Amino acid sequence: MGLAAYCGKRILIGLAMIVCVQVIIFLAIQVVPGDPVEAMLSETAGIGPDVVAALRQQFGLDKPMPVRLLNHVIGLLRLDFGISFQYSQPAFDIIASRLAVSIELVVLAAFFGITGGILLGSLSVQTRWGDRLVSILGPVILSVPGYVLGSVLILGLSLSLGWLPAGGVAPFSDPAEHVRRLVLPVVTLALPIAATIAKVTRFEILEVRTQDWVRTSRAYGFPTRVTFRRDILRNALTPVLTISALELGGLIGATVLVEKVFNLSGLGSLLVSSVSVRDYPLIQGAVFVISAFYIAINIISDIMYGFLDPRVSKR
Amino acid sequence: MGILTPEATAIAKPPLLAVRGLNIAFGDTGIVKDLSFDIAPGETLAIVGESGSGKSVTALSLLGLLGPRARVTGSIAFGGEELLPYDFGRLTGLRGNDVSIIFQEPMAALNPVYKIGRQLGDVLRNHLKLSPAEARARAVELLHKVKLPNPEVKCDQYPFELSGGQLQRVMIAMAIACRPRLLIADEPTTALDVTVQARILDLLRELQAEMGMSILFITHDFGVVADIADRVLVMRHGEKIETGPAGDLFSAPREDYTRMLLSAVPSLERRDFLEDAPAPSDDTTVLEFRDVGITFYGRRGHELKALDGIDLTIRRNEVVALVGESGSGKSTLGNVAAGLLRVNRGQVTIDGRLRQGAGTGKDLHSPGVSMVFQDANASLNPRMRIGATLRAALQWNRRYKPGLDCSDGHIRHLLSEVGLAPELFDRFPHELSGGQKQRVGIARALSVKPSLVVADEPTSALDVSVQKTVLELFRKLQRQYGFACIFITHDLSLAASISNRVVVMNRGRIVEQGPAAEVLRNPADAYTRALLDSIPLPDPAAQRARRARPAGPGTHP
């Protein structure tokens with residue numbers, strides 16, 4: 001099978017999966033008790049049933065469930081999630097405005113987390129201090145919840161030392177400040193990724209190191225660093241890729257707590273607030289983006305798998 | 001191997017490699033003790049020994065490949081230069097350059113993620129200053145030299161796309177890339193079929209004649225020794241037992257251990273046939289295959305006929321040896337008999353009941369069939385004590401044979417029947433030796449009183465001396481209980497020594513069958529002849545005579 005055909009097939013399966021996720025979420029929301037109109041009006045007293053009915057009609061909630069599901073799926077195809085109940089704006093626009101922050105955070109955290117993890121994992125096999133760093137600091141970082149880690153970083157680097165701002169976003173028009181404000185949240189997200197990747201890398205290197213071809217490499221007089229890069233690390237990367245994809249896939253919607261700590265408004269916090277007021281269009285839109293991201297990461301990792309291991313793609 | 005006899009060569013020139021008082025220890029355990037030997041330029045020295053003799057460790061120590069835990073002392077002088085204590089900077093210049101090495105498992109010895117040409121090119125560029133294009137050209141040239149078919153195409157293929165024999169040629173190309181003065185070959189043909197082995201040995205001999213390098217050949221196989229060695233060093237438990245020119249050692253071994261090893265090699269020349277075995281007196285048919293076929297379907301419509309129209313009948317008391325090379329379908333046939341594979345066509349009848357074919361149900365399992373596996377270690381659950389393993393088999397089979405005795409006493413009796421101490425009942429598999437584990441495997445197979453035993457290469461992972469005792473046990477039990485047996489093996493001499501009938505398979509078909517003595521003495525089929533001719537004779541003179549003969553028409557397709 002050619003690469004193009006392979007990718008095409010994977011993308012089609014991915015699209016089908018996104019639709020499945022949407023249907024499941026749609027049904028799940030219906031099952032959860034609570035009504036968006038009542039949730040919206042709970043703060044206001046003395047509203048008559050006619051107002052409630054009018055609102056329900058406006059949001060299209062009066063139609064039977066199968067019709068709403070169909071409308072929703074048709075809307076998806078046009079990337080139209082409907083009008084947000086709470087903001088009275090198209091849900092798509094709101095999500096788009098929040099997505100930039102989230103994507104920036106996740107991509108940077110992924111990049112530094114994965115490269116840092118591979119580097120640390122390699123060092124941990126080669127040097128004593130690297131081993132200590134990974135085997136002692138790794139579990140510490142992984143056992144501390146993200147928001148605590150973030151708070152500690154703010155306390156140390158921002159409040160005590162004053163090196164970096166504690167939170168918020170700066171516009172792209174001020175690149176220096178933009179980057180300065182991103183440093184702490186990115187570090188907070190990247191550290192646990194790096195810890196996990198370092199551990200996996202270390203384990204895989206120790207595994208690959210015992211393989212016969214590594215002995216061949218040494219037996220043919222290759223310098224240690226060539227053997228390490230060409231015959232150990234390169235082969236160890238395949239499982240590292242799998243773990244990286246798993247780590248990253250779910251990250252885009254899971255940054256809520258870090259967003260809270262650093263006062264950022266990303267996709268995660270949008271999703272949480274939408275769930276609490278039952279803003280169906282926003283929930284479904286956000287879930288759409290998150291599942292699409294997850295599936296895209298998986299497709300990319302599967303394709304890269306083929307490049308890393310010829311036995312996969314050539315069969 | 002020039003005009004001079006090896007002995008004369010050794011006197012004429014100083015040795016290329018001189019090892020004196022070599023001691024190798026891992027922690028407190030001495031693996032090699034006070035070993036000394038020489039290799040003259042152009043000479044082939046074979047180190048022979050069973051597992052644990054320290055032969056491979058000795059080979060690896062020459063290049064400092066044993067890792068940091070090994071303590072290597074004594075003297076290793078190569079080309080007059082002392083290598084001990086190791087100077088790894090200097091060794092790096094030597095490895096793959098003046099001294100190169102080939103290994104037992106060519107598939108594992110090459111990195112699976114790089115193309116053949118790249119791996120070969122890397123070796124060239126590591127020691128010679130070449131551009132990538134020059135390296136590639138040289139790589140193709142080398143692959144030509146080791147007679148790999150289609151070198152230009154193979155260059156751009158990955159190791160998993162080549163066969164074991166082809167990969168070993170690639171390894172040899174890698175080894176001769178920088179024209180070494182010494183080639184270490186660590187069991188290079190053990191994982192290969194006999195016909196492939198014969199051609200790899202031919203290749204090594206030709207290359208040696210052309211390039212004049214010395215070869216240190218590590219092996220456990222006396223046939224291979226007879227085929228390739230000028231001189232032989234026999235090792236046991238890390239010590240030298242004896243050494244001498246190959247001819248003398250085979251014709252007049254001085255030490256008991258060497259004699260024992262030589263006599264343990266099953267030999268066709270020694271008429272080591274099972275002639276005293278009574279012909280099966282009982283006419284009960286245990287297994288009947290009628291026109292059995294299995295086809296495996298791969299991608300892109302690729303088809304593999306693993307079994308193609310097999311007709312086979314086995315009676316009680318009969319041992320049938322299935323022989324053939326890897327891929328011949330012999331294990332597939334065994335698996336069908338054991339009810340592990342579904343056939344595409346034909347009928348399988350076991351103990352008079354139709355098991356596969358039109359009108360049979362989904363269940364393939366035949367209660368009357370047991371298996372003995374090749375890898376005794378992998379076929380025993382490492383977390384279960386020996387007694388529990390045997391009891392599990394008995395308990396499971398009680399649903400078919402309620403009369404089976406599961407008591408501890410009976411299990412201990414089973415252990416003693418296969419020559420194991422009843423105390424092993426409470427041991428774990430890792431506490432047993434390879435031979436003991438295979439005895440447990442036999443006890444497990446026989447405990448359920450089978451009418452048919454499928455033994456799939458049960459001794460090929462064992463040392464020859466152990467193999468001999470396990471085979472004797474198997475033969476004794478077979479006579480005692482009279483079960484029918486399919487004995488799968490790649491070793492024709494072994495087949496002759498254990499079976500009443502030999503069935504030769506090639507590409508999913510039976511090419512020839514008949515009484516062992518007849519098939520092996522007067523093979524009717526060209527493929528059988530090719531197989532027989534490929535087995536190196538454990539006698540240097542006979543082997544040399546055979547090699548001098550022009551190749552017969554019975555070459556492998």
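The values are calculated or read from the model by the stated rules, or taken from the named source; none is laboratory data. Only a predicted model underlies this, so the values are computations on that prediction, with no experimental measurement involved. For neighbour counting, all protein chains shown are included, and Cβ atoms are generated from backbone atoms with ideal geometry for every residue, glycine included.
Miscellaneous remarks
- Of residues in the stretch A:199-250 being more than 10 Å from chain B (Cβ to nearest Cβ), closer than 29 Å to residue B:95 by Cα and of a type in the set (Asp, Glu), the one farthest from the chain's Cα centre (by Cα): A:207
- Members of the stretch B:198-215 that are surrounded by 17 or more Cβ atoms within 10 Å (Cβ to Cβ) and either of a type in the set (Asp, Glu) or in contact with an Asp or Glu (Cβ under 9 Å, 6 or more places away or on another chain) (or both): B:198, B:201, B:214, B:215
- Number of positions in the stretch A:1-17 that are surrounded by 15 or more Cβ atoms within 10 Å (Cβ to Cβ) and modelled with pLDDT of 85 or more: 2
- Condition check for residue A:17: in contact (Cβ under 8 Å) with a residue 24 or more places away in the chain and over 28 Å from residue A:266 (Cβ atoms): no
- Test: residue in the stretch A:272-284 that is away from every other protein chain (no Cβ under 14 Å) and under 30 Å from residue A:240 (Cβ atoms): no
- Filtering B:45, B:22, B:65, B:84 for residues that are over 21 Å from residue B:211 (Cβ atoms) and either assigned to a strand (DSSP E or B) or basic (Lys, Arg) (or both) leaves a single hit, B:22.
- Of the helices (runs of 4 or more DSSP H) that lie entirely inside the stretch B:89-152, those containing 1 or more residues that are within 13 Å of chain A (Cβ to nearest Cβ) and free of Cβ contacts under 8 Å to residues at least 24 places away in the same chain span B:106-109, B:116-127.
- Of note, residue B:530 satisfies the criterion of being part of a helix (DSSP H, G or I), hydrophobic (A, V, I, L, M, F, W, C) and touching a His at 6+ places or on another chain (Cβ under 8 Å).
- Any hit, the stretch A:173-195, residues being within 14 Å of chain B (Cβ to nearest Cβ), without any contact (Cβ under 8 Å) to a residue 12 or more places away in the chain and assigned to a helix (DSSP H, G or I): no
- Hits in the stretch A:1-41 (condition: over 20 Å from residue A:59 (Cβ atoms) and more than 21 Å from the chain's Cα centre (by Cα)): A:1, A:2, A:3, A:4, A:5, A:6, A:7, A:8, A:9, A:12
- Just one of the listed residues (B:412, B:391) is closer than 27 Å to residue B:468 by Cα, of a type in the set (D, E, K, R) and surrounded by 16 or more Cβ atoms within 10 Å (Cβ to Cβ), namely B:412.
- For the stretch B:264-280, the count of residues that are at pLDDT 75 or above and loosely packed, with under 14 Cβ neighbours inside 10 Å is zero.
- Residue match in the stretch A:271-281 (condition: assigned to a helix (DSSP H, G or I) and within 13 Å of the chain's Cα centre (by Cα)): no
- For the stretch B:156-171, the criterion of a residue being more than 28 Å from residue B:93 (Cβ to Cβ), polar (S, T, N, Q), buried (at least 23 other Cβ atoms within 10 Å of the Cβ) and modelled with pLDDT under 90 is satisfied by no position.
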